[in-house]
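As structure tokens, the structure follows; a few thoughts come after it.
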Amino acid sequence: EPQLPPLSERLDSFREIACRFGEDCVIWRFDPLLLANTLSADQTYDRFRRLLTALQGATDLCVTSFVQMYAKVQRRFERLRQAHGIEVYDPALDAKRALLARLADAARGAGISLVVCCQDELVGGGVLKAGCVDAARLARVAGATLPDVPRRGTRPQCGCCASRDIGTYNTCTHRCAYCYATT
């Protein structure tokens, strides 16, 4: 994530938006989860706990998922390994579930639900299925009744309500190694 603003700025912005509009208007994305020779599950948990402390009271929902090893992401990880010696790996299913259970326990203690996006095999043990685009939540936030919108995700195992992506590929300048939306 070589071009992200400093964490303190991002946290300040998050809290300011939540203060202005309410905690149910801001969803915390702690993803993608990835483990590497330089980043263990314990370190990831510690980072999550620090962010959880900073964001408690500013949101009620955290969306997460493990990195998807798309071909272009794998090529970037290989360049990362060659340039910096950082070796990203895809942990076993049991290791993923164990880490998510720890994150969910911590989140629950802070009044935040942990949900997983498009990875149904990881749902359970306090980890719920994500529906990032949620018509009921949007209606609650807007204080309005919305038409009945079916859950019809944009990719396999997606729990979102029917929606249209208004983003554009190749517009982000953060240069994250794991990003699948930029070339």
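The values are calculated or read from the model by the stated rules, or taken from the named source; none is laboratory data. From a predicted model like this one, the values you see are computed outputs, not experimental measurements. All Cβ positions, glycine included, derive from the backbone under ideal geometry; neighbour counts span all protein chains shown. Heads up: the accessible areas ignore ligands, DNA and RNA and are worked out on the full protein's heavy atoms, side chains in. Shrake-Rupley method; radii C 1.70, N 1.55, O 1.52, S 1.80 Å.
Test each condition in (1) open to solvent by 50 Å² or more (accessible area, probe 1.4 Å); (2) out of contact with any Gly (no Cβ under 9 Å at 6 or more places or on another chain); (3) modelled with pLDDT of 90 or more for VAL141 and report the one that comes out false.
VAL141 satisfies all of (1) open to solvent by 50 Å² or more (accessible area, probe 1.4 Å); (2) out of contact with any Gly (no Cβ under 9 Å at 6 or more places or on another chain); (3) modelled with pLDDT of 90 or more except (2).
Go through segment 125-158 residue by residue and tally those that are touching a residue at least 40 places away in the same chain (Cβ under 8 Å) and either more than 18 Å from the chain's Cα centre (by Cα) or in a loop (DSSP other than H, G, I, E, B) (or both). Explain how you work it out, then say what you get.
Keep residues of segment 125-158 that are touching a residue at least 40 places away in the same chain (Cβ under 8 Å), which gives 130, 132, 137, 140-141, 158.
Those left that are additionally either more than 18 Å from the chain's Cα centre (by Cα) or in a loop (DSSP other than H, G, I, E, B) (or both): 130, 132, 140-141, 158.
Residues flagged as touching a residue at least 40 places away in the same chain (Cβ under 8 Å) and either more than 18 Å from the chain's Cα centre (by Cα) or in a loop (DSSP other than H, G, I, E, B) (or both) within segment 125-158 amount to 5.
Quick one: PRO2 ticks every box in (1) assigned to a helix (DSSP H, G or I); (2) surrounded by fewer than 13 Cβ atoms within 10 Å (Cβ to Cβ) bar one, so which box is it?
(1)
Collect the residues in segment 5-37 that are over 18 Å from the mean Cα position of the chain (by Cα), surrounded by 12 or more Cβ atoms within 10 Å (Cβ to Cβ) and not in a helix (DSSP H, G or I), keeping them in residue-number order.
GLY22 - this is the single residue of segment 5-37 that is over 18 Å from the mean Cα position of the chain (by Cα), surrounded by 12 or more Cβ atoms within 10 Å (Cβ to Cβ) and not in a helix (DSSP H, G or I).
So, in segment 59-89, of the ones that are in a loop (DSSP other than H, G, I, E, B), touching a helix residue (DSSP H, G or I) at 6+ places or on another chain (Cβ under 9 Å) and open to solvent by less than 90 Å² (accessible area, probe 1.4 Å), which residue ends up nearest to ARG29 (Cα to Cα)? Working first, answer last.
Kept after step one, since they are in a loop (DSSP other than H, G, I, E, B), are these residues of segment 59-89: 60, 65, 67-70, 85-87.
Now narrow it down to the ones that are touching a helix residue (DSSP H, G or I) at 6+ places or on another chain (Cβ under 9 Å): 60, 65, 67, 69, 86-87.
Applying the additional criterion that residues be open to solvent by less than 90 Å² (accessible area, probe 1.4 Å) yields 60, 65, 67, 69, 86.
Numbers: ASP60: 12, SER65: 9, VAL67: 13, MET69: 18, ILE86: 23 Å.
Once the filter is applied, the top-ranked residue is SER65.
Output the residues belonging to segment 45-62 that are touching a Leu at 6+ places or on another chain (Cβ under 8 Å) and farther than 10 Å from ALA107 by Cα.
Selection gives TYR45, LEU51, ALA54, LEU55.
For segment 159-171, give me each residue that is over 17 Å from the mean Cα position of the chain (by Cα), of a type outside the set (Gly, Ala, Ser) and surrounded by 13 or more Cβ atoms within 10 Å (Cβ to Cβ).
CYS161
So ARG108 fits all but one of (1) surrounded by 12 or more Cβ atoms within 10 Å (Cβ to Cβ); (2) in a loop (DSSP other than H, G, I, E, B); what number is the exception?
All conditions pass for ARG108, except number (2).
Going residue by residue through segment 112-127, is there one that turns out to be under 15 Å from TRP28 (Cα atoms) and open to solvent by 20 Å² or more (accessible area, probe 1.4 Å)?
Looking for residues that are under 15 Å from TRP28 (Cα atoms) and open to solvent by 20 Å² or more (accessible area, probe 1.4 Å), one finds at least one in segment 112-127, hence yes.
May I ask you to say which residue of THR44, THR53, THR38 is farther than 30 Å from GLU23 by Cα and without any contact (Cβ under 8 Å) to a residue 60 or more places away in the chain? Spell out how you get there, then give the answer.
On the way: THR44 fails: farther than 30 Å from GLU23 by Cα; THR53 fails: farther than 30 Å from GLU23 by Cα.
Exactly one of THR44, THR53, THR38 is farther than 30 Å from GLU23 by Cα and without any contact (Cβ under 8 Å) to a residue 60 or more places away in the chain, namely THR38.
Does segment 90-104 hold any residues that are among the charged types (D, E, K, R), surrounded by 14 or more Cβ atoms within 10 Å (Cβ to Cβ) and part of a helix (DSSP H, G or I), and which are they? First the steps, then the outcome.
Residues of segment 90-104 among the charged types (D, E, K, R): 90, 94, 96-97, 102.
Going one step further and asking which of them are surrounded by 14 or more Cβ atoms within 10 Å (Cβ to Cβ), we end up with 90, 96-97, 102.
Once the filter is applied, which keeps residues that are among the charged types (D, E, K, R), surrounded by 14 or more Cβ atoms within 10 Å (Cβ to Cβ) and part of a helix (DSSP H, G or I), segment 90-104 yields LYS96, ARG97, ARG102.
Would you mind stating whether LEU146 is surrounded by fewer than 18 Cβ atoms within 10 Å (Cβ to Cβ) and under 21 Å from CYS179 (Cα atoms)?
Numbers: surrounded by fewer than 18 Cβ atoms within 10 Å (Cβ to Cβ): yes; under 21 Å from CYS179 (Cα atoms): no.
Taking the combined requirement at face value, the residue does not satisfy it.
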